[in-house]
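The values are calculated or read from the model by the stated rules, or taken from the named source; none is laboratory data. Just so we're clear, the structure is a prediction, and the values are computed from it rather than from any experiment. Glycine also receives a Cβ, built like all others from the backbone with ideal geometry; neighbour counts cover every protein chain displayed. Note: areas computed on protein heavy atoms with side chains; ligands, DNA, RNA excluded. Shrake-Rupley method; radii C 1.70, N 1.55, O 1.52, S 1.80 Å.
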Amino acid sequence: FFKKYSQKQFYLAGSPSYNSNGTITLGTAESGRKIVLLNLNTFDPNNKASVKEILHTIHHEFGHVLHQNIAFTVDFQRISAGDYIATWFNFSNAEARALGFITSYSRSNKDDDFVETLASLLVDGDAGYNAVINNLFIMEGAFIKRNGKGIYEQNTIARTKLIAKRQIVTDYLKNEYGINLAELQ
């Protein structure tokens with residue numbers, strides 16, 4: 001598997017790529033064989049957030065390598081059809097999660113939604129992914145909506161979408177590459 005699908009080249013760059021919309025690019029995957037990692041000047045191996053960011057970027061880009069070799073099912077994009085948006089950067093992760101996306105960047109397109117889901121599952125594990133799912137509630141302005149009994153109302157639509165996306169990613173890895181995601185985590 002590694003010999004066949006692993007990227008053959010890593011390009012490392014100190015600075016990020018600045019985009020015209022105000023966002024930065026942390027990495028790219030090209031032709032299923034090359035990964036470019038950017039913004040390495042700020043990488044601090046002693047900082048947990050910095051390590052998680054670079055691992056997330058690597059897993060995200062390798063996810064692109066995988067789906068560039070074998071496409072994932074169109075059922076994945078149907079889960080959030082109509083919610084992908086070019087201006088994803090105008091939304092917080094919390095706002096994106098309320099719509100069933102694991103990160104705001106997931107809203108940019110189906111491919112990034114898929115690989116963001118994969119990268120999040122690999123970096124944060126099921127525990128981290130479940131923590132997101134278990135903390136999705138219906139909001140009324142800045143407050144969590146309560147039902148008639150005073151209990152917080154769960155955002156069952158977003159939860160269902162995130163669970164379905166995890167299942168498709170898990171099935172994809174198992175069926176297309178023979179990888180058990182739980183063992184890989």
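For the range 86-107, filtering for residues that are aliphatic (A, V, I, L, M) and open to solvent by less than 50 Å² (accessible area, probe 1.4 Å) leaves 3.
Looking only at the range 115-123, decide whether some residue is open to solvent by less than 60 Å² (accessible area, probe 1.4 Å), under 29 Å from SER15 (Cα atoms) and at pLDDT below 90. No, the range 115-123 contains no residue that is open to solvent by less than 60 Å² (accessible area, probe 1.4 Å), under 29 Å from SER15 (Cα atoms) and at pLDDT below 90.
Modelled with pLDDT of 90 or more, more than 27 Å from THR87 (Cα to Cα) and of a type in the set (D, E, K, R) - does that describe any residue in the range 38-52? Yes, the range 38-52 contains at least one residue that is modelled with pLDDT of 90 or more, more than 27 Å from THR87 (Cα to Cα) and of a type in the set (D, E, K, R).
Determine whether PHE143 is farther than 20 Å from LEU66 by Cα and at pLDDT 95 or above. Here the answer is no, as PHE143 does not meet what is asked. Exactly one residue among LYS34, LYS48 is of a type in the set (Lys, Arg) and more than 30 Å from ILE70 (Cβ to Cβ), and that residue is LYS48.
Looking only at residues that are of a type outside the set (Gly, Ala, Ser) and more than 22 Å from VAL132 (Cβ to Cβ) in the range 68-85, which one is least open to solvent (accessible area, probe 1.4 Å)? The selected residue is ILE70.
Just so you know, in the range 122-170 the residues that are in a helix (DSSP H, G or I) and of a type in the set (Gly, Ala, Ser) include one that is farthest from LEU181 (Cα to Cα), and it is ALA158. Checked against (1) surrounded by 12 or more Cβ atoms within 10 Å (Cβ to Cβ); (2) without any contact (Cβ under 8 Å) to a residue 60 or more places away in the chain, GLY14 passes all but condition (1). Out of the range 171-185, which residues are small (Gly, Ala, Ser) and either in a loop (DSSP other than H, G, I, E, B) or buried (at least 16 other Cβ atoms within 10 Å of the Cβ) (or both)? The answer is GLY178, and nothing else.
Inspect the range 39-47 for any residue being under 20 Å from THR103 (Cα atoms), crowded, with 17+ Cβ neighbours inside 10 Å and within 18 Å of the chain's Cα centre (by Cα) and give the result as yes or no.
Within the range 39-47, none of the residues are under 20 Å from THR103 (Cα atoms), crowded, with 17+ Cβ neighbours inside 10 Å and within 18 Å of the chain's Cα centre (by Cα).
Against the numbered list (1) open to solvent by 50 Å² or more (accessible area, probe 1.4 Å); (2) modelled with pLDDT under 85; (3) part of a loop (DSSP other than H, G, I, E, B), LYS3 comes up short only at (3).
Report, by residue number, each residue of the range 146-185 that is at pLDDT below 90 and in contact with an Asp or Glu (Cβ under 8 Å, 6 or more places away or on another chain). Answer for the range 146-185, where residues must be at pLDDT below 90 and in contact with an Asp or Glu (Cβ under 8 Å, 6 or more places away or on another chain): ARG146, ASN147, GLN185. Filtering the range 124-170 to residues that are closer than 22 Å to LEU55 by Cβ, of a type in the set (Lys, Arg) and open to solvent by less than 40 Å² (accessible area, probe 1.4 Å) leaves only LYS165.
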